[in-house]
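The values are calculated or read from the model by the stated rules, or taken from the named source; none is laboratory data. This is a predicted model, so every value here is computed, not measured. Glycine also receives a Cβ, built like all others from the backbone with ideal geometry; neighbour counts cover every protein chain displayed. To get the accessible areas, we keep the full protein, side chains included, count just its heavy atoms, and leave off ligands, DNA and RNA. Shrake-Rupley method; radii C 1.70, N 1.55, O 1.52, S 1.80 Å.
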Amino acid sequence: MSNRPRVFVSRTLPGGDAPGTPFDALKAHAEIDVWEATEPPTAEALRARSAGCDGLLTVLTERVDDALLDAAPRVRVVANMAVGYDNIDVLACTARGVLVTNTPGVLTEATADMTWALLLAAARRLPEGDRALRGGGWGPWHPTWLLGYRVSGATIGIVGPGRIGRAVAQRAQGFGMTVLYTGHRPVEDFPGTFVPLDDLLARSEYVSMHVPLTRETERMCNAAFFARMRPDAIFVNTTRGGVVDQAALLEALRSGGIAGAGLDVMTPEPIPVGDPLLTAPHLVVAPHLGSATLETRTAMASLAVDGLLAGLAGRAPSNAVNPEALAAGRRRA
Ligand code: DGY
């Protein structure tokens, strides 16, 4: 039997196993079991396939928690192919000496581009126009038909001045916009003005969310949040659906409390077609496509593989979420 590490990969990676792909790089160092289906593994299947593995390469649908770690006691590293890692109980991993890695940086530009795609589509009512045209509703040109909102010269508020928030702000400069941002503290060289959240909501014509999903940010976009936004403002979310109270968003859109919204993320995902949220007016939705370009997904897979191999070799790479886990792991060994 091979003494190479055993790894479970919870989804096929871009490029499959062709030479030069991230999977190919992993194959050179480990025995691999891949979940080939499009549907994610159930918790039970994940436990069964992870048992006996030394490392896991997961995506955001896999919950890595005590139950999984109990079922897979050999696991030393979990490489999450996502920048967000709210699917992972990091404290539970650290306590067991399990290194967690994510994929920061490589999806920044793609996600910022997607934020702008949603912002522009919501502002200029593209899906409504598309539906009208295809449904035979394109009448003669009319001065007041499908009027949207200005983008150039408007004010945008960025909530969460991390990498993606910064990339969104940089793009806003190209539109000659005033950029406000809020977070725990001002960030050096951020291309915008730091203001408290209340000011940002009161002044921004666009509010774009770029905070990770944590206990602190869960449902932070609630009725009080939307009530503080301008009635002509558009809300954009490309981070995690969990930061939004969707019933409150639906009400804000229905009542005209805000003018529109663009969402790439929802709760749950996939959202059922009958979900009340999808009945909201002036809502543009995308099925979690922020990082969905071949280049970006390949770079994410590659970074996840690098993190996995480093962890298996007992090293904490720069994309380690809990480098302190290595010391705990050594104590455990
Ligand atoms: C992430 O990386 O967290 C995204 O949501 C998936 O691209």
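Of all the helices (runs of 4 or more DSSP H) wholly in the range 223-333, which have at least 1 residues that are buried (at least 19 other Cβ atoms within 10 Å of the Cβ) and within 16 Å of the ligand (Cβ to nearest atom)?
Hits in the range 223-333: 294-312.
One residue is enough: does the range 223-236 have a residue meeting the conditions in contact with a Lys or Arg (Cβ under 7 Å, 6 or more places away or on another chain), farther than 19 Å from ALA123 by Cα and at pLDDT 95 or above?
Taking every residue of the range 223-236 in turn, none turns out to be in contact with a Lys or Arg (Cβ under 7 Å, 6 or more places away or on another chain), farther than 19 Å from ALA123 by Cα and at pLDDT 95 or above.
Which is free of Cβ contacts under 8 Å to residues at least 40 places away in the same chain, closer than 30 Å to LEU278 by Cβ, out of contact with any helix residue (DSSP H, G or I) (no Cβ under 8 Å at 6 or more places or on another chain) and open to solvent by 10 Å² or more (accessible area, probe 1.4 Å), of GLY135, GLY162?
Details: GLY162 fails: free of Cβ contacts under 8 Å to residues at least 40 places away in the same chain.
Answer to the selection: GLY135.
Just the residues that are basic (Lys, Arg), within 17 Å of ASN80 (Cα to Cα) and out of contact with any Asp or Glu (no Cβ under 6 Å at 6 or more places or on another chain), please, taken from the range 1-48.
Those that are basic (Lys, Arg), within 17 Å of ASN80 (Cα to Cα) and out of contact with any Asp or Glu (no Cβ under 6 Å at 6 or more places or on another chain): ARG11, ARG47.
Please go through the range 207-219 and give me each residue that is touching a residue at least 24 places away in the same chain (Cβ under 8 Å) and either small (Gly, Ala, Ser) or away from the ligand (no atom under 16 Å from the Cβ) (or both), ordered by number. First the steps, then the outcome.
Of all residues in the range 207-219, those touching a residue at least 24 places away in the same chain (Cβ under 8 Å) come to 207-214, 217-219.
Result: VAL207, SER208, ARG219.
Just checking, how many residues over the range 46-90 are over 18 Å from ARG4 (Cβ atoms) and within 16 Å of the ligand (Cβ to nearest atom)?
Counting residues in the range 46-90 that are over 18 Å from ARG4 (Cβ atoms) and within 16 Å of the ligand (Cβ to nearest atom) gives 18.
Can you tell me which of (1) buried (at least 21 other Cβ atoms within 10 Å of the Cβ); (2) closer than 16 Å to HIS282 by Cβ is the one ILE156 doesn't meet?
Here ILE156 clears every test but (2).
Only one of ASP17, ASP24 is outside any loop (DSSP other than H, G, I, E, B) and at pLDDT below 95; which?
ASP24
Which of the residues spanning the range 114-129 are open to solvent by less than 70 Å² (accessible area, probe 1.4 Å) and either of a type outside the set (A, V, I, L, M, F, W, C) or touching a helix residue (DSSP H, G or I) at 6+ places or on another chain (Cβ under 7 Å) (or both)?
THR115, TRP116, ALA121, ARG125, PRO127, GLU128, GLY129
Which of the residues that make up the range 51-83 are assigned to a loop (DSSP other than H, G, I, E, B) and crowded, with 17+ Cβ neighbours inside 10 Å? Let's see the steps before the verdict.
Taking the range 51-83 and keeping what is assigned to a loop (DSSP other than H, G, I, E, B), we get 51-54, 59-63, 65, 72-76, 81-83.
Listed by number, the residues that qualify are CYS53, ASP54, VAL59, LEU60, GLU62, ALA72, VAL75, ARG76, MET81, ALA82, VAL83.
Name the residue, out of THR94, THR111, THR101, that is within 12 Å of the ligand (Cβ to nearest atom) and either in contact (Cβ under 8 Å) with a residue 40 or more places away in the chain or crowded, with 22+ Cβ neighbours inside 10 Å (or both).
When all the criteria are applied, what remains is THR111.
Against the condition on the phi < 0 side of the Ramachandran plot and exposed (fewer than 15 other Cβ atoms within 10 Å of the Cβ), how does GLU44 come out, does it pass?
On the way: on the phi < 0 side of the Ramachandran plot: yes; exposed (fewer than 15 other Cβ atoms within 10 Å of the Cβ): yes.
So GLU44 passes the test.
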